[in-house]
Every structure is written in C-alpha cells, then in structure tokens.
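Presented below is the structure to which this report refers.
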Amino acid sequence: MVEKCLSGRRLLSCGVQSGFREENEQGLSIRAGETSAVFVSRTYDSGQSRMEWGRALLQISHDVVPQVYVWLFEDRQEGEEVDRLGDAREQFRRVKECAQYYSDYREMALYGAEHGRGRFAKLAVEIFPEEGCGYLTGYSLSFPKESFTRYLPELYRNNVQLERFLAVQESIYLELEEEIDRLEEELDYESCSRKQAERLLTWMGWGDLARRLPDETVRELLRTGISLTSRKGTCEYYVKLTEILTGKRAVMIEEPERGKAVVLVLEKPEDKREVHLDWLRQNVPLFARIDFVVLDRTQRLDGRFFLDRNAFLSEREAELSVGGVCIDRLVLL
C-alpha cells in the first residue's frame with residue numbers, strides 16, 4: 001500500500017518559507033517584488049529504515065519555474081539540525097547540498113540514486129515567477145516505491161532505466177487515480193474549498209450569483225440546491241431563495257389570473273444583503289412578473305399598501321343607524 005505525506009491547506013504549519021505570503025485559498029503566493037521564494041518542509045518519517053520512496057509531486061501555478069530538492073536520510077538528528085537553522089533560505093541551502101534528487105518539474109521519481117534511500121525525508125522548493133506572481137498550493141511525498149515493472153515478467157523487474165521510462169505512464173495513471181479518490185471530497189459542499197463551492201453552484205445555474213455571496217450563504221444554497229433547482233419558476237422557489245439570500249423570513253402574495261406576484265421580506269436584511277434581490281428581479285421568467293418588497297417602512301405598490309410591523313390601524317368609534325348600513329357602502333377613512 002502506498003502511503004503519502006501530504007501538506008495541509010495551511011502550508012505554514014508544514015514547514016518554513018521566505019519570500020511568500022499566506023493566502024486563504026491558494027496556499028502561498030510570492031510577495032510582490034521578490035525574485036524568488038523558498039519553502040522547506042518539516043521532516044517526514046516513513047517508519048522503515050532504508051526506505052525507497054516513490055515520488056514527489058508539487059501543486060504550483062503554471063506561471064512559475066520550480067527547483068525541487070528531496071533529501072532522504074536515516075538519522076532524525078540530521079533533520080533536527082537543519083530545523084534549528086532559523087533562516088528559511090539557510091535551511092534551503094543545507095537541504096540542497098544534501099539532496100539526492102533534483103528536478104525543475106512539478107513531479108519527480110525518488111528512486112535510482114546510489115545513496116537515495118532513507119527513513120526520513122525533507123523537501124525544499126524554490127520557485128521563480130515569470131510575471132511577478134505565482135503560487136505554491138501543496139505537495140505530496142509517496143512511499144514505498146511503486147513501479148509498473150511489477151506487472152511485467154520477472155526478467156524486466158528491478159531495472160532502473162525501465163522503471164524511469166515507465167514512470168511517465170505511472171504518473172499519468174496515478175494522477176487520474178488521485179483525482180478519482182478526491183472526487184468525494186470535491187463534492188462535499190461542507191468541506192470543499194470556496195472556489196470549488198462556487199464551481200458547484202455554477203453547475204446549478206447560480207455561478208454569477210455565487211461570487212457575490214458570503215461563504216455561509218454559499219453553503220446554504222448548496223444544502224438546499226437540489227430541491228430548489230427542480231422547482232425553478234414556482235412560488236416556493238422564489239420565497240425560499242429570497243429567505244436564503246436575505247437571511248429574513250419572506251411570504252408571497254399571488255395574483256394568478258394576472259400572472260403577477262409580490263414577495264414580501266418581513267424585515268430589513270443585514271449586511272447589505274438586500275442587494276441580492278436585484279439578482280432575483282433579473283431572473284424572473286419572461287411569462288411572469290414578480291416584485292420583491294422589503295417591509296422596513298410603509299410602502300405602496302400597484303395600488304396596494306403594505307404596512308410594516310410598526311404601523312397600525314387606530315380604533316374608531318362610529319354610530320350606525322338601527323338598521324345598520326350595507327357593507328358595500330362602508331368606507332374606512
């Protein structure tokens with residue numbers, strides 16, 4: 001079974017850096033004006049002496065040139081000596097001097113070197129921006145070595161040149177396998193990244209709206225999205241969507257015979273969320289007319305008065321004749 005040492009979403013907890021700044025969604029980005037930036041990982045333990053590792057894989061933006069070094073060693077104290085160096089660039093130079101493996105690509109095999117085995121591993125990366133910017137979003141180190149030569153007859157096994165030749169096909173296959181393994185995580189709207197959450201809302205037809213919403217509203221839309229998208233154009237759809245976007249209770253008054261309706265938001269939304277009603281107004285079906293009204297004050301719409309909760313009808317005493325009066329002639333002044 002292949003094990004992996006994976007970076008977390010917050011790379012600063014996985015090592016030290018110089019020349020980067022932390023970004024919430026994109027890991028580490030190069031600071032403006034920096035010609036290069038370096039990152040040195042913490043020490044990873046495979047748990048087995050003389051381990052022959054599999055590969056290193058970087059997650060970086062396409063607008064950078066990387067230099068990647070991996071150092072494998074047996075004595076943990078060697079790694080601790082590097083960790084005690086306070087400066088990240090000094091740590092980088094030390095790992096670079098000791099590293100058995102080097103690559104200027106995002107991926108490289110970690111086997112084949114004469115002294116390229118060890119229980120512990122350290123990864124050091126220096127990236128050079130091509131246009132003044134760039135990102136390092138994560139990395140992985142896998143072990144033990146996994147080679148496609150094990151599927152071949154015995155005669156072709158343990159051949160380093162053949163293993164490295166097949167490493168290209170192995171890389172393509174394993175990367176697809178990783179994407180499949182991450183599919184469930186990518187579809188989990190509670191834990192996926194904000195960028196992925198917006199992508200999921202795009203599939204539901206709310207992509208242009210998603211970019212304007214706070215994160216909690218995005219997650220709420222994803223929770224109820226399946227039931228709502230199947231009811232687009234209905235009263236339930238507009239009432240529920242209004243409540244999600246504004247965070248306030250809403251009701252609807254319909255005039256089916258005229259193809260008209262009014263959605264009433266019973267309280268003024270907070271944090272300027274009232275602006276989302278503009279999106280709703282622009283996404284009403286062509287055959288219908290729906291108005292959205294916030295009852296923060298007394299409002300008049302289409303000949304109707306909507307009284308907010310602070311308004312009331314005063315008591316009025318009137319003397320009626322003994323015979324009363326016809327209801328059709330009763331007028332409230």
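For the pair the stretch 147-189 / the stretch 117-138, the C-alpha centres are spaced 22 Å from each other.
Arranged from fewest to most other beta-carbon atoms within 10 Å of their beta carbon, SER13, SER18 become SER13, SER18. Full extension of the chain between GLN282 and ARG223 gives 18.9 nm of extra length, using 0.36 nm per residue less the Cα-Cα distance. For the chain, build the charge dipole from Cβ charges (+1 Lys, Arg; -1 Asp, Glu) around the Cα centre, then report which of LEU166, PRO66, ALA288 sits farthest towards its positive end. My answer, from the dipole projection, is ALA288. Under the convention that each Lys and Arg Cβ holds +1 and each Asp and Glu Cβ holds -1, the size of the dipole of the chain around its Cα centre is about 520 debye. With both labels modelled 7 Å from their Cα along Cα-to-Cβ, the ARG31 to ARG157 distance reads 5.2 nm. Please tell me which of these pairs span more than 20 angstrom C-alpha to C-alpha: LYS4/LYS195; LYS4/LYS145; LYS248/LYS272; LYS240/LYS268? Going by Cα-Cα distance, LYS4/LYS195 fall outside the 20 Å limit.
A cut-off under 13 angstrom between Cβ atoms defines the neighbours of SER227, and their net charge, with Lys, Arg +1 and Asp, Glu -1, is +2. Among the listed options [x] 25.4; [y] 23.8; [z] 20.6, the one matching Kirkwood radius over Cα pairs in Å as calculated from these coordinates is [x]. Result for the chain in a Gaussian network model with C-alpha springs under 10 Å: among THR43, THR234, THR217, the largest mean-square fluctuation is at THR234. Under the combined filter of DSSP loop state and at most 15 neighbouring Cβ atoms within 10 Å, the stretch 227-272 retains these GluC sites (Glu not before Pro): GLU267, GLU270. Across the options LEU123, CYS5, ALA56, the greatest Cα extent toward the positive end of the charge dipole of the stretch 3-146 (unit charges at beta carbon of Lys, Arg, Asp, Glu) belongs to CYS5. Relative to the dominant Cα principal axis of the chain, helix 235-246 is inclined by about 60°. Could you tell me the calculated FRET efficiency between SER193 and ARG21, based on Cβ-Cβ distance and R0 = 22 angstrom, to the nearest 0.05? For R0 = 22 Å, the calculated efficiency reads 0.75. From helices alone, the chain scores -8500 deg cm²/dmol at 222 nm; the rule is -39500 (n - 2.57) for each run of n ≥ 4 DSSP H residues, then divide by the residue total. Our estimate of slack between LEU6 and MET252, defined as 0.36 nm per intervening residue step minus the Cα-Cα distance, is 83.5 nm.
A short reminder: the numbers here are calculations on the coordinates, not readings from a lab. Note that the coordinates shown come from a computational prediction; the quantities given were computed from them, not determined experimentally. Neighbour counts run over all protein chains shown; Cβ positions are idealised from the backbone, glycine included.
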